[in-house]
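Input: a single structure, listed below in structure tokens.
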Amino acid sequence: GGGDEEPRNFAYFDFDRSGDLPPPDVIAGYDIFVTSLERLSYEWKRGKDNSAAYKYEYEGQRGASPLLKVEFVRIVVDEGHKVAKGTVTNSIQFASWIYSNRRWIMSGTPTPAPGTNIDVYATSAAECTAVSGLLRYLLHPRFLPENGGRQAFNDEFLRGWKAGDYDAFFRLCCLLREVMVRHNKSSIKGIPPPKHIVTRLPMSRQEALAYNTIATAARLNVILTTKMEGRTSAWQDSLLNPAQYKFALQMMQNIRLACCGGSRVCPTLTAKFFEETIHQELGFKHGAGEAEKQVARNFMNRAVMMETTSCGVCAQSFQLLAITPCVHFMCADCVEDNLGECGACGKEYDVDDFQTLQPGFDTQWVWNLEGEKQERDRELNIIRSLRGAPGALTPPAADNPPPPQGDVDPLPPPAVPQPTAANVAAAAQQAASARRR
């Protein structure tokens, strides 16, 4: 940390959670050091000493974590509810060892949610116990290890809390008022109300087709499994069934991605389902002739080739449509408007037969978006390894003077050589040679 002078806008991002940290003087040269609770938990073993709890007792210890040798202006733990646990975790214990002038915990839910019943008798003791870990990090003098620590907290609050003693409840409230600052949007003055600007972007034909394909698959599933009542229930296959929440979540993610112009969608159909729809369902069960079966074949072939077919009722074109026993095709809207009968010819159909007749299309993105993300991450890791220290962004030297103030423009930072495809390949070849040796 660097006092109250103007920040130099230098930040160190600790992307590697278990690698070696820079020396203390390098860390102290940054205005902001960003790390994770996983890093603190990993560094705990480099400061573990049951007989002490403060930074100065580790300074002379060989191999101590560099974080214990830096004096920070302030430490801020974001998402504080993740550290509010029934026991003092390694990460919280290590954070309490780091020397800092000020300590903050940011959280919208400082302890686990107690549920809808806020009566002190019904509230779990876990919410009360979770506060002890936060107080340990804040170094509240009443609950430091030399003053009783966790046992003092249990005697003063937890025992009475478990017994339903309202005195313990109000004592804890008084304690929290000393260390908590609560803000919401209405309590912070000077913040202007938000301005909502809606910009409507026209969808391209491919974007609209991708969205309609995924939305049609979702709507047909809901219609077939919840709005059509047959002799047998199809609830086990419904996206609204809690047991199918993973598929429902994936469907929602696909819809959001389609709204952002993610990619093209390709319906897929296994050869087994293709043959069952043509021969077993249409041919054997419903007595369809060769001409009608060929119409169904053409529709399914067009769908897997990412071509569209017109709805027999509204004439709108879609990649996915529902097939009726009379071999007409309807979109999700027309199926819902004509439950139990074909909207094209008016023939009634059996709901169970209609459900089992559907081919069972699956949908896949044409581009492997997750694979592309993994490839980008791999390339980024190679670039970081070639640049040197992991996570460092234009690091300043430890003895660099502060930049000039006023209207004088500081000199630009030295250019960082960018890795090229040639030296990336050379580095990979060198690493392979080293492994062979």
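The values are calculated or read from the model by the stated rules, or taken from the named source; none is laboratory data. Since this is a predicted model, take the numbers as computed values, not measurements. Using ideal geometry, Cβ is built from the backbone for each residue, glycine included, and neighbour counts are taken over all protein chains shown. For the accessible areas, the whole protein counts, side chains as well, though only heavy atoms, and no ligand, DNA or RNA atoms are used. Shrake-Rupley method; radii C 1.70, N 1.55, O 1.52, S 1.80 Å.
Observations on the structure shown:
- Total residues in the range 244-258 satisfying the condition of being over 13 Å from Q364 (Cα atoms) and under 15 Å from the mean Cα position of the chain (by Cα): the figure is 4.
- Single unsatisfied condition, L201 versus (1) in contact with a helix residue (DSSP H, G or I) (Cβ under 8 Å, 6 or more places away or on another chain); (2) surrounded by fewer than 10 Cβ atoms within 10 Å (Cβ to Cβ); (3) under 30 Å from C260 (Cα atoms): (1)
- Whichever residue in the range 31-60 is surrounded by 12 or more Cβ atoms within 10 Å (Cβ to Cβ) and basic (K, R) and, among such residues, is modelled with the lowest pLDDT: K55
- Among the residues of the range 308-327, those identified as assigned to a strand (DSSP E or B) and aliphatic (A, V, I, L, M) are A322, I323.
- Segments classed as helices (runs of 4 or more DSSP H), wholly inside the range 183-297, with at least 1 members that are more than 22 Å from L320 (Cα to Cα): 245-259
Okay, residues lined up against (1) over 16 Å from E207 (Cα atoms); (2) open to solvent by 80 Å² or more (accessible area, probe 1.4 Å); (3) out of contact with any Pro (no Cβ under 7 Å at 6 or more places or on another chain); (4) not hydroxyl-bearing (S, T, Y):
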| residue | (1), (2), (3), (4) |
| --- | --- |
| L269 | yes, no, no, yes |
| A296 | yes, no, yes, yes |
| S310 | yes, no, yes, no |
| S317 | no, no, yes, no |
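- Selection over the range 155-168 of residues that are open to solvent by less than 30 Å² (accessible area, probe 1.4 Å) and within 20 Å of Y137 (Cβ to Cβ) gives a count of 2.
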